[in-house]
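Contents: one structure, followed by commentary.
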Amino acid sequence: MELEQLISARRSVRKYENRPVEREKTNACLEAARLAPSACNSQPWHFVVLDDPEIKNAFCKEAFSGVYAMSKWAEKAPVLIAVISDAGNFTSRIGNFFRKTEFYLVDQGISCEHLVLRAQDLGLGSCWIGWLNSDKAAKFLKLPKGKKVEHLISLGYPAESPAPRPRKSFEEIVSYNEYK
């Protein structure tokens, strides 16, 4: 599929077929994420793939407990990918400080966009999930101190074809040479 078609076709999928995702396809998505650029080439990410149904379900009980229950739909996804933060190397952390921007989160965004576009290319659906109990998720995954589950990506064969969501017009979001 051409890149423009992939970008236009990609949707957040929240209903998946009850069929496993081949490891080769999951790995292809992760390889696309691995190749993403990052500030100072810090590559501030680590991905934990949850594709064993028992482990994934136990993880979901923790990550989607309490006020985070509205994300419980994700436990039906065949694969969840936990995106683990790494604040980046010294140079990028200095940039974070002076610019007051957490570049590692921007870098993760670029990386995960590569991942979800590759998933779309392979016929998989995905959804970026930010509403989760990061503390319980980190404890479940036995993350070292200083690491955090920033977000999750669900992955699977879509059981639905979500309609396109409204987008602002080009003119509403673009101006040249001055803010309008």
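Close amide-amide hydrogen proximity is noted between Gly125 and Gly156, Tyr157, each under 5 Å apart and 5 or more residues distant or on a separate chain (H modeled in the peptide plane; Pro and chain starts excluded).
Couplings 3J(HN,Hα) for the range 12-17, derived from phi with the Karplus relation 6.51 cos²θ - 1.76 cosθ + 1.60 (θ = phi - 60°), are 7, 9, 10, 10, 10, 5 Hz, where x marks Gly and Pro. Each of Thr101, Thr26 was scored by other Cβ atoms within 10 Å of its Cβ. Listed from fewest to most, they are Thr101, Thr26. Overall, the range 3-173 carries a charge dipole of about 460 debye about its Cα centre when +1 sits on the Cβ of Lys and Arg and -1 on the Cβ of Asp and Glu, all other atoms neutral. Only aspartates and glutamates eight or more places from Lys56 in sequence, or on another chain, were considered; those with a Cα closer than 15 Å are Glu75. Comparing Gly125, Gly156, Gly66 in a Gaussian network model of the chain, where Cα atoms under 10 Å apart are tied by springs, the biggest mean-square fluctuation is seen for Gly66. Our coupling estimate for the range 107-113, obtained by passing each phi through the Karplus curve with A = 6.51, B = -1.76, C = 1.60 and θ = phi - 60°, is 4, 5, x, 5, 4, 5, 5 Hz, Gly and Pro reported as x. For the pairs Lys15/Lys180; Lys148/Lys180; Lys61/Lys168; Lys76/Lys168; Lys76/Lys136; Lys15/Lys145, note any where the Cα-Cα span goes beyond 28 Å. Beyond 28 Å: Lys15/Lys180; Lys148/Lys180; Lys61/Lys168; Lys76/Lys168; Lys15/Lys145. Applying 1/(1 + (r/R0)^6) with R0 = 41 Å to the Cβ-Cβ distance of Tyr176 and Asn18 gives a FRET efficiency near 0.25. Note on Cys112, Cys29, Cys127: ascending count of other Cβ atoms within 10 Å places them as Cys127, Cys112, Cys29, the fewest first. Measuring nothing but how far apart in sequence close Cα pairs (under 8 Å, 6+ apart) lie, relative to its length, the chain scores a relative contact order of 35 percent. In sequence order, the range 41-48 has phi-based couplings of 6, 6, 6, x, 8, 8, 10, 10 Hz under the Karplus curve 6.51 cos²θ - 1.76 cosθ + 1.60, θ = phi - 60°, and Gly or Pro positions carry x. Classify the chain as rounded, prolate or oblate, taking a ≥ b ≥ c as the square roots of the eigenvalues of its Cα gyration tensor: rounded when a/c is under 1.5, otherwise prolate if a/b is larger than b/c and oblate if not. It is oblate, given that a/c is not under 1.5 and a/b is not larger than b/c. If the chain linking Cys40 and Ser161 were pulled fully straight, counting 0.36 nm for each residue of separation and taking away their Cα-Cα distance, it would gain 39.7 nm.
Values quoted throughout were computed directly from the atomic coordinates according to the rules given, and no laboratory measurement underlies them. Every value quoted in this text rests on a predicted model; they were computed, and no experiment measured them. Neighbour counts run over all protein chains shown; Cβ positions are idealised from the backbone, glycine included.
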